[in-house]
Structure formats: C-alpha cells, structure tokens
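Take a look at the structure below.
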Ligand code: F6R
C-alpha cells in the first residue's frame with residue numbers, strides 16, 4: 001500500500017486529480033470508479049480545471065459510481081447522480097452514455113444490482129477506483145457488518161453514516177435509510193484503488209485500515225489484500241499513523 005501524506009486538502013485534491021489524469025493519459029478509454037461525498041469535491045474541481053486549461057480529455061472515459069441513495073431520482077438535488085452531474089460530468093467532455101450511477105429508483109432490486117455488475121464487466125472492469133472512507137470505516141456504502149457482501153446490493157445505512165451525511169440535507173430525517181452500493185468484491189476487482197481521506201474525523205478510520213487483520217466490522221481493512229492501493233491523506237487524516 002502506498003501512502004501519500006499531503007500538507008492540506010488542496011494538495012490532496014491536486015495529487016488525487018493528478019493520479020486520475022495520469023490514468024487517462026496512459027489509457028484514453030479508462031474505466032474510472034467515482035465516489036461522492038465531501039472528500040472528492042476538490043479533486044473534481046481540479047479535474048475540471050485540467051480539462052478546461054490543459055485539454056484533459058474524457059471523451060473515451062467510462063465511469064461507474066460507487067453508490068446511490070434508494071428512493072432518490074436522478075434529478076433529486078441530493079441524489080448522487082445529481083451531485084456527479086453538477087460537480088463533474090456537466091463540465092467535462094465525458095459522453096452521457098458512458099456515465100453509470102446505480103439507480104435509486106427501481107422495481108426489481110436484484111435485477112438492477114445484477115445489471116450494474118454486468119455493465120462493469122462489459123466495460124472491461126474498473127481501471128482506477130476512487131474511494132472516500134466513512135468515520136466508521138465504510139467504503140462505498142459497505143457498512144460495518146458481520147460479513148462482507150461481495151457484489152452490488154441494497155444496504156441499510158448505519159446511523160453514524162446518516163448523521164454524517166445529514167449536512168447535505170435540510171434535516172437528518174430526510175437522509176434516506178437505504179442505499180444501493182457496489183460490494184466489497186466489486187471494489188476489490190478494480191485494477192487499482194485510490195483512497196482519499198481528509199480531516200481529523202477520519203484519522204481513526206484510516207488507522208484501522210492497518211489493523212493487520214481483515215475485519216468486516218472495519219470494511220476498509222479489506223484493502224490490505226489489494227495489490228495496488230494508494231492512500232492520499234492530509235496531515236490530519238494521517239495523524240494517527242505517522
Ligand atoms: C460516497 C461513498 C462514501 C463516502 C464516505 C466519505 O460515494 O461511497 O463511502 O466516500 O462516506 O464521505 P465524505 O467524503 O463526505 O466524508
């Protein structure tokens with residue numbers, strides 16, 4: 001596992017964007033797994049800048065997002081589809097047909113989960129997966145549980161996660177209780193993984209990645225088994241490991 005400790009959030013965002021840009025320059029038709037939440041916002045702003053000022057070209061890129069809230073439509077202001085459209089997709093030249101975010105509204109949960117996995121496979125698998133990390137160690141919305149769930153599935157959000165994400169809604173009551181998320185296996189199949197963490201509130205979760213054992217109660221601990229993981233942390237998030 002490669003660990004980069006950056007001075008602050010701005011440096012972290014630049015470094016992360018640089019890794020994504022290098023992947024796209026190496027392989028124009030890269031398949032990138034994107035995350036939402038507060039952490040990657042600076043990286044997305046930097047990628048937009050690189051597209052506008054340096055010609056970083058997303059025309060052949062395919063994207064798969066990690067997760068979506070169950071019950072929110074693509075045009076709901078708090079849906080992850082809407083987030084990605086506003087924060088990145090509408091401002092770069094990625095083709096709409098190459099964008100994939102799990103649907104928040106569906107009839108047949110099993111069918112949509114199966115279909116999402118099939119779409120990733122048809123695209124040739126994910127070259128670079130971006131991850132944030134929850135304060136409870138979740139990746140995607142794989143919450144701490146007694147067992148790992150391998151593939152895309154519907155999950156009940158942990159109370160800690162709903163509380164942390166209430167800042168994006170007008171009240172905690174509005175935060176959906178369920179989400180559709182890639183599974184631990186879907187994430188681990190990515191050829192390389194970039195995990196970003198910023199701030200003191202993530203320091204404990206970051207430390208737990210290195211517990212030396214793989215524990216489904218600390219979902220991110222599974223990353224210890226992946227051969228190509230890079231952590232990009234700011235000093236506060238790294239404060240308990242350095
Ligand atoms: C988001 C996701 C989550 C977040 C995590 C951290 O798509 O899958 O795992 O990465 O909850 O969120 P922030 O960055 O808001 O602290």
From DSSP H assignment alone, runs of 4+ in the chain each adding -39500 (n - 2.57), the sum over residues rounded to the nearest 500 puts [θ] at 222 nm at -9000 deg cm²/dmol
Hey, how many Å between the Cα centroid of region 104-122 and the Cα centroid of region 192-242?
-> 28 Å
For residue 105 and residue 174 in one chain, what is 0.36 nm times their gap in residues minus the Cα-Cα distance, to one decimal in nm?
-> 23.2 nm
Roughly what percent of Cα-Cα pairs across region 2-234 reach past 30 Å?
-> 17 percent
What FRET efficiency comes out for the pair residue 115/residue 225, r = Cβ-Cβ distance, R0 = 22 Å, nearest 0.05?
-> 0.25
Using 7 Å Cα-to-Cβ label points, what is the residue 3/residue 54 separation (nm, one decimal)?
-> 2.7 nm
Please give the length that would be gained between residue 201 and residue 242 if that part of the chain were fully extended, namely 0.36 nm times their separation in residues minus their C-alpha to C-alpha distance (nm, one decimal).
-> 13.2 nm
Do you know the relative contact order of region 120-232, to the nearest whole percent, from alpha carbon pairs under 8 angstrom that are 6+ apart?
-> 36 percent
Beta carbons within 10 angstrom, averaged per residue: use that to sort the peptides 178-184, 165-171, 202-208, highest first.
-> 178-184, 202-208, 165-171
Nitroxide proxy distance, nm - points 7 Å out along Cα→Cβ at residue 11 and residue 95 = 4.0 nm
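Since every read-out is calculated from the coordinates, none of them should be taken as a lab result. The model shown is predicted, which means the values in this text are computed figures rather than measured ones. Cβ: placed from backbone, ideal geometry, glycine included. Neighbour counts: every protein chain shown.
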